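Shown next, in structure tokens, is the structure this report addresses.
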Amino acid sequence: MMVLRWLPLIALFIAGCSSNGLVRPGSVQVDGLQLRPGTAWTQRGVKGERQWTIDGPQLNALEIYTGIKDGDFIFDLDQRNKRGEGLRYRASMNALELQELIVAGLREAGAIDPESIRLAPREVGDLPGFELELRFANAQGLHYRALGLGFVADQRLQFLLYYAPAEYYFERERREIESLFASLRWTKG
Amino acid sequence: MNRRIVRVGALIALLWLNACAVAPPPPAPVGYQPTDVSSDEAGLWAQMVKIEESLASSPARVNDPELQRYLNDVSCKVAPDYCEDLRIYLIREPYFNAAMYPNGVMLVWTGLLLRVEDEAQLAFVLGHELSHFRHRDTLARWRQIKRTENVVASLSVAGGAFGAGLVGVAGAVSGYAALFAYGRDLERQADRYGLERIHQAGYDPSAPGRLWQSMWEEDRVRDKALLSGIFATHPATEERASELGRQGAELGPGSDHRSRYQALIAPWRGQWLDDELGRRHYAQSEVLLRRLLSWPEADVSTRYALAELYRLRAAEGDLQRALSTYDEVLALPQAPAVAYRQRAQVRAKLGDPSGAAADYRQFLRAQPEAPEQAMIEQLINQLEGS
Ligand SMILES: [Zn+2]
């Protein structure tokens, strides 16, 4: 989400350390995660905050957040402000609180009326985690659906969020996302 | 979030360098529109027309015809002459903010209505913004801004982002914040103008001083590293509050029309408080909630919001405070079922697994189809296994 919001700035300030390129089907390593995409994606972003897309981020985006430490802002690369308030991850949070944090983070990032419509336990390899399903609208009133998968490894939150317009695109990629999520493993990067 | 503040801050700092270098345009007459289509003012209006189109259809707009009619009515009372020129858009954003565009569009954010106490305070805010419109302050700012090429680039990035992607109204409007950084003299002028207007309309002239006193109390404690809404361009200082208070006292009494304002806001308070807490600006929200709880209109949603603030902040002693506040909420007949779920989380953290499990069960009895039902079942199992 923040990748989108900060796109012009990210392009300006951190172009030097970002890696853009093609993700081919097959086994892929991303910042300590192992994934098995079944189709080709385009990747951009930096370590800890990647965005994959097939048709462009307005139409389908998979955001991969890794290594979120206690006290870090959720959805935000800018971690210079170490103390203080704001939407921060806490190691003491359970899945209900993480769901709450993600919904509030989406709202702060500009999603309108974000709402969680399902939250359930889900293991990633042998690590306990959660999956959730969300809906929200963008500023133009286009309805989006989203699928998330998160778990804590190495005392850090690792979190994937796929979102796409509810009409057509969300369902079209749903099977790909389900199998990507099923393939997800923590490899300790 | 921080990057945006840094950017807007830098923009404002840059603009101060050449502030006052441009003579202000003459006041806008009633029904004013730029006639010379090649003028810079017409260009600015054209941009604003685009923004207004996206605002008009934005899902961020609050859909409440009665409240909308009321806002229009109050603006017409404050400014009968400009009644036809102003168009108010109420936007769901938790920040205290209002902005006047040069073409007569006025944005009012829900975070402002949440904080305003009565109709007289609302009328003052509208009157203050009207001054920026009447005196064409935004055009003067635009001319200053245009003198610096980088700033134009920054503004057009913000303008472009408005129409695309998931960037919200807050982000887009913040991108334009430099346009509304009018400076101290124009702010004083707008305050004076707003005060005169509400006095003429029969409103209590002590209302603006009280509003700015409250905003100053919030501004004092807020985390300055986070997005601030109006405070970036309209500093809430003690000086401003006391100046408004002094000027208001000289004008004598008036009516505040508190009850009709409060009655229109009441159905929205729960949602707007939820949005407020969603920012996690704890210190500021706590000052706000203490104030709302001191009002006679304080309802269960306000008390619940205070419990939520303690639970979310979870600083020293907060979980105990959250627990006792949820207890108070759940003793009330209109208590929301979700308070059981939230109290369960607090009880679990305070080492009361059986109390927590009982609360989760109570919540699921009230909402068996809750979206997080499967997760709560797992939490209950863990609590009962421990
Ligand atoms: Zn002003």
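The values are calculated or read from the model by the stated rules, or taken from the named source; none is laboratory data. What you see is a predicted model; the values in this text were computed from it and never measured. Don't worry about glycine lacking a Cβ; one is built from the backbone with ideal geometry, like all the others, and counts go over all protein chains shown.
Just a few scattered comments:
- Taken over region A:89-107, the criterion of being more than 7 Å from every other protein chain (Cβ to nearest Cβ) and more than 25 Å from B:Q382 (Cα to Cα) is satisfied by A:G105, A:L106.
- Output for region A:131-156, where each listed residue is surrounded by fewer than 22 Cβ atoms within 10 Å (Cβ to Cβ) and farther than 22 Å from B:P371 by Cα: A:Q140, A:G141, A:L142, A:A153, A:D154, A:Q155, A:R156
- Any hit, region B:294-306, residues being touching a residue at least 40 places away in the same chain (Cβ under 8 Å), out of contact with any Cys (no Cβ under 6 Å at 6 or more places or on another chain) and over 21 Å from A:E97 (Cα atoms): yes
- Matching option when the condition is within 15 Å of the chain's Cα centre (by Cα), modelled with pLDDT of 90 or more and among the basic types (K, R), among B:R92, B:R69, B:R87: B:R92
Yes or no, residue by residue, for (1) more than 16 Å from the ligand (Cβ to nearest atom); (2) part of a helix (DSSP H, G or I); (3) of a type in the set (S, T, N, Q):
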| site | (1), (2), (3) |
| --- | --- |
| B:R69 | yes, yes, no |
| B:L90 | yes, no, no |
| B:N103 | yes, no, yes |
| B:V108 | no, no, no |
| B:F124 | no, yes, no |
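- Pick from region B:251-277, criterion of a type in the set (G, A, S) and in a helix (DSSP H, G or I), ranking: farthest from the other protein chains (Cβ to nearest Cβ): B:S259
- Unique residue being acidic (D, E), surrounded by fewer than 22 Cβ atoms within 10 Å (Cβ to Cβ) and within 14 Å of another protein chain (Cβ to nearest Cβ) when the list is A:E123, A:E178: A:E123
- From the list A:Y162, A:Y144, A:Y169, the one residue that fits, being within 12 Å of chain B (Cβ to nearest Cβ) and not β-branched (V, I, T), is A:Y144.
- B:M48 under 26 Å from A:E108 (Cα atoms) and within 16 Å of the ligand (Cβ to nearest atom): no
- Residue, farthest from the other protein chains (Cβ to nearest Cβ), within region B:126-139, restricted to residues that are near the ligand (Cβ under 9 Å from one of its atoms) and of a type outside the set (D, E, K, R): B:S131
- Among the candidates B:L379, B:L350, B:L332, the residue that is within 15 Å of A:A120 (Cβ to Cβ) and assigned by TED's automatic domain parsing to the domain that holds B:D299 is uniquely B:L379.
- Counting the residues of region A:126-141 that are more than 9 Å from chain B (Cβ to nearest Cβ), of a type in the set (D, E) and outside any loop (DSSP other than H, G, I, E, B) gives 1.
- For region B:217-239, the set of residues classified as closer than 21 Å to B:V108 by Cα, at pLDDT below 90 and part of a helix (DSSP H, G or I) consists of B:D219, B:G229, B:I230, B:F231, B:A232, listed by residue number.
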